[in-house]
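Please treat every number below as a calculation from the coordinates, not as lab data. Quantities reported herein were computed from a predicted structural model and do not represent experimental measurements. Glycine also receives a Cβ, built like all others from the backbone with ideal geometry; neighbour counts cover every protein chain displayed.
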Amino acid sequence: MSDNLAILAGKISANAIRALGAGLGSNLPGRVARKLSPTVLNRLAVQSRSGVVAVSGTNGKSTTSGFIYSILRRAGFKTVHNKQGANLVTGITATIVEAASIDGKLDADYCLFEVDEASLPVVASETPIKAVVVTNLFRDQLDRFGELDTTAKLLNKGIARNQSPAILNADDPNVAQLAEGSRRLFYGIESLAQNNQQPITRGAMELSYCPKCGAEYSYDLIFYGQLGHYACAQCRHSRPRPDICATDVCIGKSSTRFVLRIGEESFNAQITIPGLFNVYNALAASAAAAWLGIAGVTIVEGLKHYNTLFGRSEQLVVNNRKLLIQLIKNPAGASQVIGSAAADPNGRILIAINDNLADGRDISWLWDAEFEQLEKHPNPIVVSGQRADDMAVRLKYAGFPPERIAVTHQLERALKESIGQVGPDQTLWIMPTYTCLLELQKILKSMGHSLSGT
Amino acid sequence: MPEAMVLRIAHLYAHFLNIYGDRGNILALSRRTQWRGIAVEVDPIGLGQAIDSERYDLYFIGGGQDKQQQIIAADLARHATSLRKAVSEGAVILSICGGYQLLGHYYKPHEGDELRGISLMDTHTVAGQRRMIGNVVVRRPNGSTLVGFENHSGKTFLGSAVEPLGKIVSGNGNNGDDGCEGAVAGGVYGTYLHGSLLPKNPALADELITLALRRRNSGVSLAPLDDAIESSAHKRALALPA
């Protein structure tokens, strides 16, 4: 009875929030519903016919669960998914309440939740998690969790709660060491195509030392950050052999092709979003889907038809000018985005940095992101947001000429001025932190453009 | 200007204590020296490597995670004598957060054994109950300000043989109790400020560079730079909520 009331209250507050035009992914309806019935998430989640899949990790949670959703849809499953990225227990409750009927019934095959690392233990205690997918573990908002080791402990606790099988990134030593003693399935990148060899960058290297004995890992291959083929020379602890892997990865301007290997089978796969990090996201999703028993051909179809998410490689045309929005939030992800922008010397650039709680209040990470890649960029760079001045300092010390840095704190002005300076054959690269992205969404909406997830 | 001045920097455990953007401090020291036409050499010093105390004018040691602290503490003990000698001969050390703690007498964690420091500074640190996280503003004895971001649970206490780097204007600082932040003993500096610290506090960067250069070039002083961008960032940071 109290569940039904909780669901009704949750739905009403969700509608009220929408009517008021407040931001997406709000936690309030979930908070209201949990207040009225603390067990509402559990009672709804247990009704999913095939159980709950959780996706956690620092980067790529949203994209990975987006890929999984796309595959599950191709496979004919009905899935409840917190696709707007509200990944705390309140946001997840809000998602499931919204999907339930007023009389407390949930009609779904799967619940697919991206889950904040710190929230995994509580979500695991309330829902029957069938598998936990972990993407990677980079330093992200350290001021929130304290330290990376703390994050690993939280993930282990969440995985152990249901003795959930763990689907882990073999190439990330921080992830591959998780869930010892649980059933584990590994995914990883085996090889890049011959003409696609990338230079080794160790800029955002996080933990390059063996967790077992403290010796430095040696790498045969580094893809980015600490991700690669590693082994400890001292105790021989090394990258686990992946069960699902990509070979011959060929990264194009707007899409990436690779051979997807699932056990003995091979499939030609293609994703329509750029960047090596998205290959990892696609692999994580493929491994999860394979674990759920979905056929390889269906997985490949699902990968191919996935559409981009809010603020992740989003392209739009405003006033006949091309905009490409790429969320930045930590050194590893940002370095990848900066690299893509640097590869377009004709492009214009707008970087917007806030330091609200959702961005991470400590902006030290700007110094670990490789803005040096923009040193030779020929066009001016506009910096905006609450910490625009810090961003300007960062660019100056990256070797970018200070006279070509324009500081415009107010984001709306910065955006409009930037668009005004973009030529017809140019792209405006916009790199916002999370709350800057939310602000951009509002500004663009007032100009008649909407971002996905809205 | 003396001929071919060079500033030689040793970056201790560069690949290990690499969180919180401490790389920005090395960048600030290097760039600001180079912008004055003075050459810079930065050597990363890893675990097990030796330090040539004749060679370096400036040492930097940053912050790491708890697990790494134990490994570093054991390794750093090897360098205690050579670092002490270097400091007595005019070398400068900047230590931040975890590195700062290890230059003191000891670090006492919640559980487990005490981590021994190298007693280069008269300080000790005890694990605290809460994590002190947020923006910090410090006023130095000369009236100037420092801005940064702290993130630590260790509470550091100063003995009589060191001076605080400054007084807390906002934030927690060394221990959240006595209103002090950081420590200075001769050429040895310790602080909890990340941010990165030096790019936004160019006066402190220049102070360290000057002191370090004077080890080989007595009386040297630095030409002023155009710090408009750094000053704006500093001023904005003064007004940030703790």
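The simple spin-label model puts a point 7 Å past each Cα toward its Cβ; for B:A242 and B:D43 those points are separated by 4.2 nm. Net charge of the neighbourhood of A:S65, taken over other residues with C-beta under 13 Å away and scored Lys/Arg +1, Asp/Glu -1, is +2. Footprinting exposure proxy ranking of A:W365, A:W429, A:W291, fewest other C-beta atoms within 10 angstrom first, gives A:W291, A:W429, A:W365. FRET efficiency for the pair A:D425 and A:D248, taken as 1/(1 + (r/R0)^6) with r the Cβ-Cβ distance and R0 = 45 Å, rounds to 0.85. What does the charge count around B:M132 come to, taking other residues whose C-beta lies under 9 Å from its C-beta (Lys +1, Arg +1, Asp -1, Glu -1)? Net charge around B:M132: +2. Under the definition of Cα pairs under 8 Å and six or more residues apart, what whole-number percent is the relative contact order of chain A? Worked out over chain A, it gives 13 percent.
What distance in nm lies between label points placed 7 Å from Cα along the C-beta direction at A:S255 and A:N42? That separation, rounded to one decimal, is 4.7 nm.
Tell me, what is the FRET efficiency for B:D178 and A:A295 to the nearest 0.05, using R0 = 60 angstrom and their Cβ-Cβ distance as r?
FRET efficiency, B:D178 to A:A295: 0.35.
What percent do you get for the relative contact order of the range B:68-153 when only Cα pairs under 8 Å and 6+ apart count?
21 percent
Computed from the C-beta positions of A:K442 and B:A203 and an R0 of 45 Å, the FRET efficiency is 0.70 to the nearest 0.05. If you wrap the Cα atoms of chain B in a convex hull and average its projected area over all directions, you get 12.2 nm². Taking a label point 7 Å from the Cα of A:N356 along the Cα→Cβ vector, which residues of the range A:380-419 have an amide N closer than 13 Å to it? Under 13 Å, as judged by backbone N against the label point of A:N356, lie A:385-387, A:411 of the range A:380-419. Among the lysines of chain B, pairs at least eight places apart or on separate chains and with Cα atoms under 22 Å apart come to 7. Modelled spin-label separation between A:Q270 and B:R84, with each label point placed 7 Å from Cα along the Cα-to-Cβ direction: 6.9 nm. Panel order for A:S50, A:S266, A:S446, by other beta carbons found within 10 Å of each beta carbon, from fewest to most: A:S446, A:S266, A:S50. Unpaired Cys in chain A, meaning no second Cys C-beta under 4.7 Å: A:C111, A:C245, A:C250, A:C436. The equivalent ellipsoid that matches the C-alpha gyration tensor of chain A spans semi-axes of 33, 29, 21 angstrom, in descending order. Think of each Lys and Arg Cβ as +1 and each Asp and Glu Cβ as -1; about the Cα centre, that makes the dipole of the range A:368-411 roughly 140 debye.
Near A:P128: Cβ cut-off under 13 Å, other residues only, Lys/Arg at +1 and Asp/Glu at -1. The net charge is +3. For the peptides A:66-79, A:238-251, the ranking by packing is A:66-79, A:238-251, with the highest mean count of neighbouring Cβ atoms within 10 Å listed first.
Listed from fewest to most Cβ neighbours within 10 Å, the set A:T93, B:T125, A:T150 follows the order A:T150, B:T125, A:T93.
For a modelled paramagnetic label at B:H110, 7 Å from Cα along Cα-to-Cβ, the residues of the range B:122-143 in reach, with backbone nitrogen under 13 Å, are B:127-132.
Listed by chain and number, the aspartates and glutamates whose C-alpha is less than 20 Å from the C-alpha of A:K35, apart from same-chain residues fewer than 8 away, are A:D3, A:E98, A:D103, A:E126.
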